[in-house]
C-alpha cells in the first residue's frame, strides 16, 4: 500500500465512486478543490490522452499549455505507474465508442 493511502483518502475515493453524473462531479470538484487544482488535473488527463494517442511532446505542449516537465511526469505515470491513466482512458474510449454506436442505431 502506498504511503498516502489512509482512512481519509479511502473516503475521498469512495466519494468519487459515489458520483453518478457530470453535474454531481462538477459540484463535488467545485467544493473540494480550487479552480487551479481542477484545471491542473484536467490538463494532466488531457496530456495522458494525447500520449495514449501517440502525440509528440511538442504538440501536447502547444495544445494543452503543459510544461515539458508535466508531460514527462504524466508520461512516466502512464508508462510505469499503477495503471490509473490507462484504466480511465480505456473506459472513456469504450464509453465514447458505445455512444457512437448508439447514435448510429438511432439513425
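Overview of results
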item	result
Selection from segment 16-25 of residues that are surrounded by 11 or more Cβ atoms within 10 Å (Cβ to Cβ) and more than 16 Å from the chain's Cα centre (by Cα)	24
Filter result for residue 91 (touching a residue at least 24 places away in the same chain (Cβ under 8 Å), within 16 Å of the chain's Cα centre (by Cα) and assigned to a helix (DSSP H, G or I))	no
Check on residue 41, part of a helix (DSSP H, G or I) and loosely packed, with under 11 Cβ neighbours inside 10 Å	no
Residues (surrounded by fewer than 15 Cβ atoms within 10 Å (Cβ to Cβ) and either under 24 Å from residue 96 (Cβ atoms) or in contact (Cβ under 8 Å) with a residue 60 or more places away in the chain (or both)) located in segment 66-83	79, 81, 82, 83
Which numbered condition residue 28 misses (of (1) within 14 Å of the chain's Cα centre (by Cα); (2) surrounded by 13 or more Cβ atoms within 10 Å (Cβ to Cβ))	(1)
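Conditions (1) touching a helix residue (DSSP H, G or I) at 6+ places or on another chain (Cβ under 8 Å); (2) on the phi > 0 side of the Ramachandran plot; (3) assigned by TED's automatic domain parsing to the domain that holds residue 11, marked per residue:
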site: 54; (1), (2), (3): no, yes, no
site: 61; (1), (2), (3): yes, no, no
site: 76; (1), (2), (3): no, no, no
site: 87; (1), (2), (3): no, no, no
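The values are calculated or read from the model by the stated rules, or taken from the named source; none is laboratory data. In this text the structure is predicted, and so the values were computed from the model without any measurement. Neighbour counts run over all protein chains shown; Cβ positions are idealised from the backbone, glycine included.
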